[in-house]
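Each remark here refers to the structure printed beneath this line.
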Amino acid sequence: MADKYDVLGIGNAIVDVLTRADDEFLKGRGLAKGGMQLIDAVEAENLYAAMGPGIEISGGSAANTISGLASFGAETGFIGTVQSDQLGKVFRHDISALGVDYVTPARTEGDPTARCLILVTPDGERTMNTFLGASQTLGPGDVNEDDIAKADIVYLEGYLFDPAPAKEAFYKAARLTHKHGGRVALTLSDSFCVDRHREEFRVLVNDEVDILFANEAEIISLYEVSSFDEACEKVRRDCPLGVLTRSADGAVITSKDKISQVPAKHVEQVVDTTGAGDLFAAGFLYGLSRKLPWLDCARLGAMAAAEVISHMGARPETSLMDLAKSDRLV
């Protein structure tokens with residue numbers, strides 16, 4: 001185990017199952033294209049049976065970000081819960097093989113390991129159907145002060161905010177992080193997630209968060225405003241650093257003093273947008289861990305996002321450190 005973590009992630013431990021599908025398949029099953037919906041075990045089994053051949057890999061939003069950081073060469077750890085079943089073993093093997101410290105004990109009772117069934121349409125858009133299973137059993141007891149004390153940044157995944165024990169774990173982690181001089185980062189994860197927890201997220205952002213990651217839809221939803229510019233002004237008031245992504249329009253970085261923009265990195269063909277925001281966060285956080293200027297952090301984020309959307313799956317297929325060196329970003 002590492003003596004120090006550049007970033008310690010806390011989030012859903014999920015195995016992603018990705019397959020290609022057309023718009024007619026989505027319509028036939030009443031699925032909202034580009035969104036994420038929570039499903040139960042029965043729905044998961046039925047949808048899995050109807051899907052075409054897929055790729056299985058350990059996933060989850062925060063876990064994807066931590067894996068991206070590992071590809072940059074950062075020291076990382078992850079807290080998340082799986083069951084002691086086959087998919088739980090897949091998750092543990094995959095993330096540990098990347099060099100991530102993952103020591104959360106597997107559950108031996110209750111729901112099976114979480115899985116996300118991801119349907120990728122020809123335009124690269126992904127529609128996610130998530131059975132949270134064992135991942136939603138995470139609670140304060142899984143947050144160890146010794147692990148938190150080793151982290152410069154603790155990264156929290158908004159998707160995990162649904163269960164009450166997980167909320168307690170978030171607040172415990174945030175307070176311990178600040179106690180030991182670290183910084184708290186939060187990703188809002190999804191606009192539907194924001195809709196469910198808007199007021200609580202606002203309190204968390206205002207009271208505990210040092211770095212907020214969100215896309216355009218999420219930040220507009222958080223503040224219930226009609227424009228992105230209005231949302232930017234509000235996040236400047238509430239959070240020291242806002243990292244707001246806008247897909248092909250790049251990213252906007254907000255602070256108390258100014259608002260800066262960074263363009264997206266060009267991609268010849270978008271194959272699958274799964275993990276784009278997660279990998280942008282990985283690049284940005286890696287830059288922060290090396291004390292780079294914010295705009296350089298955002299360029300690393302754009303590079304990492306461009307890599308992941310150029311192929312199927314939410315994990316980089318090329319060393320992000322090698323790419324960063326070839327682009328002279330580090």
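Here, each number is a calculation from the coordinates, and none is a lab measurement. Quantities reported herein were computed from a predicted structural model and do not represent experimental measurements. Here the Cβ is made from the backbone with ideal geometry for all residues, glycine too, and neighbour counts use every protein chain on show.
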TODO: Provide Rg and Dmax in Å for the range 223-267, with only Cα atoms included in the calculation.
DONE: 10.9, 34
Open item on the list: Under a crude label model (7 Å from the Cα following the beta-carbon direction), how far is Thr318 from Glu109 in nanometres?
Closed with: 5.0
Task: Computed [θ] at 222 nm, deg cm²/dmol, the chain (DSSP H ≥ 4; -39,500 (n - 2.57); rounded to nearest 500) - done: -12500 deg cm²/dmol
- [ ] For the range 118-169, state the semi-axes of the equivalent ellipsoid (square roots of 5 times the eigenvalues of the alpha-carbon gyration tensor), sorted largest first and rounded to whole angstrom.
- [x] 29, 15, 8
Open item on the list: From the alpha carbon gyration tensor of the range 25-64, can you work out the equivalent ellipsoid semi-axes (sqrt of 5 times each eigenvalue) and give them in Å, largest to smallest?
Closed with: 19, 14, 12
- [ ] On a C-alpha basis, how far is the centre of the range 285-330 from the centre of the range 154-176 in Å? Whole number, if you could?
- [x] 26
Task: Kirkwood Rh in Å, taken over the chain so that all alpha-carbon pairs contribute - done: 19.5
TODO: Over the alpha-carbon set of the range 167-288, divide Rg by the Kirkwood Rh and report the Rg/Rh ratio to two decimals.
DONE: 0.96
Open item on the list: Given the options Phe91, Phe78, Leu47, identify the residue whose Cα lies farthest towards the positive end of the charge dipole of the chain (+1 on Cβ of Lys, Arg; -1 on Cβ of Asp, Glu).
Closed with: Phe78
- [ ] For the range 54-177, build the convex hull from the C-alpha positions and give me its volume per residue in Å³.
- [x] 115
- [ ] Just order 129-140, 94-105 by mean Cβ neighbour count inside 10 Å, highest at the front, would you?
- [x] 129-140, 94-105
Task: Alpha-carbon gyration tensor eigenvalues x 5, square-rooted, for the range 220-330, Å - done: 25, 17, 11
TODO: Estimate the FRET efficiency between Ala32 and Asp229 by the formula 1/(1 + (r/R0)^6), using the beta-carbon distance for r and 30 Å for R0, to the nearest 0.05.
DONE: 0.65
Task: Convex hull volume per residue for the range 172-240, taking Cα atoms only, in Å³ - done: 75
Open item on the list: Restricting to Cα pairs below 8 Å that are 6+ residues apart, what does the relative contact order work out to for the chain? Please round to a whole percent.
Closed with: 18
TODO: Please work out the Cα convex hull volume for the range 3-84 and give it in Å³ per residue.
DONE: 131
Open item on the list: Modelling each spin label as a point 7 Å along the Cα-to-Cβ direction, I'd like the Ile55/Lys291 distance in nm, to one decimal.
Closed with: 3.8
Task: Rg/Rg_ref, the range 125-236, where Rg_ref = 2.2 N^0.38 Å and atoms are Cα - done: 1.09
TODO: State, in angstrom, two size descriptors of the range 149-198 derived from its alpha carbons: Rg to one decimal place and Dmax to the nearest whole number.
DONE: 11.4, 33
Open item on the list: I need the calculated FRET efficiency for the pair His93 and Ala248, taking r as the beta carbon distance and R₀ as 35 Å, to the nearest 0.05.
Closed with: 0.50
Open item on the list: Would you work out the Kirkwood radius for the range 65-119? I mean one over the mean of 1/r across all pairs of different Cα atoms, in Å.
Closed with: 12.0
TODO: Compare the peptides 77-90, 285-298, 21-34 by average per-residue count of other Cβ atoms within 10 angstrom and give them in order, highest first.
DONE: 77-90, 285-298, 21-34
Task: Cα→Cβ-extended label distance, 7 Å offset, between Glu199 and Arg175, nm - done: 2.1
Open item on the list: What does the extension gain come out to for Arg328 and Glu145, with contour length at 0.36 nm per residue minus their alpha carbon separation?
Closed with: 62.2 nm
TODO: State the answer as a single residue: which of Thr19, Thr177, Leu292 lies farthest towards the positive end of the charge dipole of the chain, with beta carbon charges of +1 for Lys and Arg and -1 for Asp and Glu, about the Cα centre.
DONE: Leu292
- [ ] Quote the charge dipole size of the range 120-260 about the Cα centre in Debye, to the nearest 20; the model charges only the Cβ of Lys and Arg (+1) and of Asp and Glu (-1).
- [x] 320
- [ ] Given a cut-off of 30 Å, name the pairs among Lys33/Lys172; Lys150/Lys325; Lys27/Lys234; Lys172/Lys256; Lys27/Lys167 whose C-alpha atoms lie farther apart than that in the structure shown.
- [x] Lys33/Lys172; Lys27/Lys234; Lys27/Lys167
